[in-house]
Amino acid sequence: MARYLLVIMLGIAASSSLQGQDPVYSQFFAAPLQVNPAFAGTTLSPRVTANYRSQWSPYQGGYNTYSVAYEQSIESLNSGFGLMVLGDDEGNGIYSTTRFSAVYGYRVRVNEEVAIRFGIEAGLIQRRLDWDLLILPDQIDPIEGPSGPGGLIPSEDLPPDNLNRRLLDIGAGILVYGRRAYGGLSLKHLNSPDENLLEVNNNLGIGIPLRVTLHGGFEIPLQTGNNRQEEAFISPNLLIMKQGEFVQVNGGAYFGLGKFFAGAWYRHTISNVDAAIALAGVRHGIFRLGYSFDFTLSRLNLQRSGGSHELSLTINFDDSKEAQRRQKTARYNDCFKMFN
C-alpha cells in the first residue's frame with residue numbers, strides 16, 4: 001500500500017514537469033539567464049544576481065525557489081559567459097531540484113544600432129526525493145494517527161534505490177536588440193531529459209517538456225543623466241512562456257526613477273487569470289535590491305494562497321567609475337536598463 005501511495009505522490013510531484021512549468025520568477029528581469037541564455041554578457045563588467053521566491057507560504061510544504069548567477073563579458077571575443085545555480089524545494093524538502101548550468105553568448109552586430117546575440121546553455125539537473133520525510137500508511141496508528149503516544153511506527157517498506165536522478169539539460173536562445181527595443185526567443189530542455197525516479201511505468205513520464213519563451217519590450221526615456229542614478233524611464237514588456245500544455249502570459253511595465261524603481265504586471269495562464277504583480281526597489285551604486293508580491297487572482301484567491309513573495313539582488317559592476325568610463329568609449333547602445 002505504501003509503495004502505491006508513493007507512486008501516486010510522485011506522479012503529483014512530477015506534474016510540474018509532465019504538465020506544468022519550470023520555476024519562473026515574477027522579477028524575470030532580475031534573473032535574465034533564467035529567461036534566455038543569450039543575455040550572457042550584455043553588460044561590459046561582471047554581473048551577479050541572486051533571487052528568492054516563496055510561494056503558498058500559509059501551507060506547510062509550500063514552494064521555495066532560489067538561485068545565484070554570475071556573468072562576464074569578454075568584449076574582445078564579442079562573447080559572454082555565465083554560471084547559474086538554481087534550487088527548488090517542494091513539501092519542505094521532500095522533493096527537491098537543483099540545477100547547475102553554464103551559459104555562453106555570442107554577439108553579432110548588424111549595424112550601429114542593431115545587434116543579435118546567440119546563447120547556448122548546458123547543465124546538470126538533480127532530482128531528489130527524501131524518503132525519511134515521508135509518512136507512509138503503515139506508519140500511522142489506526143486510532144491515534146501519526147502522532148500517537150509511541151510516535152511514528154517504523155515503516156516496513158524500504159526506499160527504492162534511485163531516489164537521486166541526475167540529468168543532462170540543454171538549452172539555446174536568440175536575442176535581437178537596439179537602442180530602444182529588444183526581442184528574444186529561448187528554448188529550454190531541448191533534449192527532454194527523463195526525470196522519472198521510480199521507473200515503474202515507462203509511460204508515466206516522457207521527459208521534461210520543451211519550454212519555449214518569447215519575450216520583448218522597449219524603453220521610453222523620461223529623463224537623461226550622467227549615470228543610472230539620475231535617469232528616469234519606462235519599459236513596457238511582455239513575456240510568453242509555453243511548456244507542455246501550460247501557457248503563461250506576463251505583461252506590464254518597469255519604471256526606473258533614479259535610485260528608485262517600481263513595476264506592475266498582470267499574469268494570465270490562458271485557462272484562467274493568475275496574479276497581479278507589484279514591485280518596488282532601490283538602487284545604490286553597484287547594488288540593486290527589489291521586492292515583489294504576487295496578488296493571487298485565480299480561484300485559489302489571495303486569502304487561501306497567501307500570495308507569493310520575491311526578493312532579488314543584482315550587483316552590476318557596470319556602475320563603477322571605471323565601467324562608466326569604458327561605456328563612453330564603447331558602442332554600448334541597448335535598452336537593457338531594467339535588466340541591469
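Each value in this text was obtained by applying a stated rule to the coordinates, not by laboratory testing. It should be emphasised that the depicted structure is a prediction, and the values quoted were computed from it without experimental measurement. Counting neighbours? That spans all protein chains shown, and the Cβs are built from the backbone with ideal geometry, glycine included.
For the peptides 34-44, 253-263, residues were scored by their other Cβ atoms within 10 Å and the scores averaged per peptide; the highest-first order is 34-44, 253-263. Loop-resident trypsin sites (Lys or Arg not before Pro) (DSSP state other than H, G, I, E or B) in the range 65-130 with no more than 13 further Cβ atoms inside 10 Å of their Cβ are absent. Simple spin-label estimate for Ser76 and Glu113 gives 3.3 nm between the two label positions (7 Å along the Cα-to-Cβ direction from each Cα).
Using the Cβ-Cβ distance between Ala253 and Tyr291 with R0 = 22 Å, the FRET efficiency computed as 1/(1 + (r/R0)^6) comes to roughly 0.80. Projecting label points 7 angstrom from Cα along Cα→Cβ for Ala181 and Ala122 puts them 3.6 nm apart.
Placing dummy labels 7 Å off each Cα toward the beta-carbon, the span from Ala264 to Asn191 is 4.5 nm.
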